[in-house]
Amino acid sequence: MRVVVTGGAGFIGSEFVLQAVADPTTRVVVVDKLTYSANINSLAVAANRPNFRFVHADVCDYSAIGRLLEEEQPHAVVHLAAETHVDRSIVVSSPFIETNIAGTHSLLEATRLYWSALHGRLQKEFRFLHVSTDEVFGSLGPEGHFTETTRYDPSSPYSASKAAADHLVSAWYRTYGLPTLTANCSNNYGPRQFPEKLIPLMIVNALEGRPLPIYGDGLNVRDWIHVSDHVRALNLVLSKGRPGQSYLIGARAERRNIDIVTLICDYLDEKVPHPGRRDLIRFVEDRLGHDRHYAIDPTKIETELGWRPEQSFETALKSTIDWYLDNRAWWEPLMDAHEARATQ
């Protein structure tokens, strides 16, 4: 098995790569631009393995991607490269349009050209897996869940760019027959996540005694999944999913933002004594277009592919906090370089 992984030095990408290279019969080729949120050190465990290759390239570079596909002759492309932070997309949207839309188009076209030249079983078994988000569906009311038939209704430049990418992937299947798959996942957490998203940002700020800014009233609800469970689901979609289909991935773990932050504060107070980290919580002006409620119904992937999450939220959250405690050398240079302390 030979697989090209775009965005493989990112949070979800690095988890995918580390799971994949553990199988010596799988060759993993990572393509990454190494933007601010990527970290080549996340791939250190894989770096010396004979079944691993890293290529510093941009998915927008059609020629570079085309050459790489011809060199490696992959059986699959897993597309994880993306700009992902909603706050940044509100301030400056152009990188999201470029990477998430134009980059996906460039990658699809390079892949289509490569795939169309394959023959027989190689062409039939080839797969293009596009990794997306539940944010493309906008906000739920107080109740309900997203399903594969939920209407797209993105609220931010980020989610709009991912919605556009989803539609491009679907069109390349319908128009050209490229065997694509799309996975829309809920909020991920776990080790090696750049400290700008809610959980790692709150962990790092709480450790440093900084304010813990929470948008609005803190009652926005998100559906959470540990990154290792997400990647196991992606592997099932890649190996068993039906071309042209989308699969929603969620662990049925809805939590309010304020409850997550207080859990982080209380656990850190136990692990690293401090006079009341809850006192660091600050409610700040709400984010523009802030969706109120996300929740996924993962029935399709559960019934069709037999996937179930293995991690419970509270236990896995504690293990995530422990990872940041034990791996300051991973995240402290990132924070020093970028000062990425936006609210979530």
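The values are calculated or read from the model by the stated rules, or taken from the named source; none is laboratory data. What you see is a predicted model, and the numbers here were worked out from it, not measured in a lab. As a convention, Cβ positions derive from the backbone with ideal geometry for all residues, glycine included, and neighbour counts pool all protein chains shown.
Quick notes
- The set of residues from region 242-255 being out of contact with any Ser or Thr (no Cβ under 6 Å at 6 or more places or on another chain) and crowded, with 23+ Cβ neighbours inside 10 Å comprises 247, 248, 249, 251, 253.
- Top-ranked residue in region 1-15 [being outside any loop (DSSP other than H, G, I, E, B) and closer than 19 Å to residue 58 by Cα; ranked as nearest to the chain's Cα centre (by Cα)]: 12
- Cβ-Cβ under 6 Å pairs, at least 6 apart or on other chains, region 320-344 side over 19 Å from residue 213 (Cβ atoms), far side modelled with pLDDT of 90 or more and in a loop (DSSP other than H, G, I, E, B): 320/190; 323/191
- Those residues of region 286-309 which are out of contact with any strand residue (DSSP E or B) (no Cβ under 6 Å at 6 or more places or on another chain), among the charged types (D, E, K, R) and assigned to a loop (DSSP other than H, G, I, E, B), in sequence order: 291, 292, 297, 308
- Leading residue by the ranking (surrounded by the fewest Cβ atoms within 10 Å (Cβ to Cβ)) among those in region 10-34 that are in contact (Cβ under 8 Å) with a residue 40 or more places away in the chain and under 21 Å from residue 66 (Cα atoms): 33
- Only one entry in 229, 217 is assigned to a helix (DSSP H, G or I) and either in contact with a His (Cβ under 9 Å, 6 or more places away or on another chain) or touching a residue at least 60 places away in the same chain (Cβ under 8 Å) (or both), namely 229.
- Residue 67 fulfils the conditions (1) at pLDDT 95 or above; (2) closer than 25 Å to residue 237 by Cβ except for a single criterion, (2).
- One residue from 282, 278, 252 being of a type in the set (D, E, K, R), on the phi < 0 side of the Ramachandran plot and without any contact (Cβ under 8 Å) to a residue 60 or more places away in the chain: 278
- For region 269-291, the condition holds for no residue, the condition being that it is within 27 Å of residue 14 (Cα to Cα) and surrounded by fewer than 22 Cβ atoms within 10 Å (Cβ to Cβ).
- For residue 96, the conditions (1) part of a strand (DSSP E or B); (2) among the aromatic types (Phe, Trp, Tyr); (3) more than 23 Å from residue 237 (Cβ to Cβ) all hold with the exception of (1).
- Single match in 263, 248, 325, 317 (criterion: among the aliphatic types (A, V, I, L, M), within 30 Å of residue 127 (Cα to Cα) and either at pLDDT 95 or above or in a helix (DSSP H, G or I) (or both)): 248
- The residue that is surrounded by the fewest Cβ atoms within 10 Å (Cβ to Cβ), counting only those in region 128-168 that are under 17 Å from the mean Cα position of the chain (by Cα) and of a type in the set (Val, Ile, Thr), is 133.
- Residue in region 66-81 that is assigned to a loop (DSSP other than H, G, I, E, B) and in contact with a Gly (Cβ under 9 Å, 6 or more places away or on another chain) present: yes
- Taking the listed residues 5, 31, the one that is out of contact with any Cys (no Cβ under 8 Å at 6 or more places or on another chain) and closer than 17 Å to residue 230 by Cα is 5, with no other qualifying.
- Test: residue 63 is touching a residue at least 12 places away in the same chain (Cβ under 8 Å) and either assigned to a strand (DSSP E or B) or of a type in the set (Gly, Ala, Ser) (or both): no
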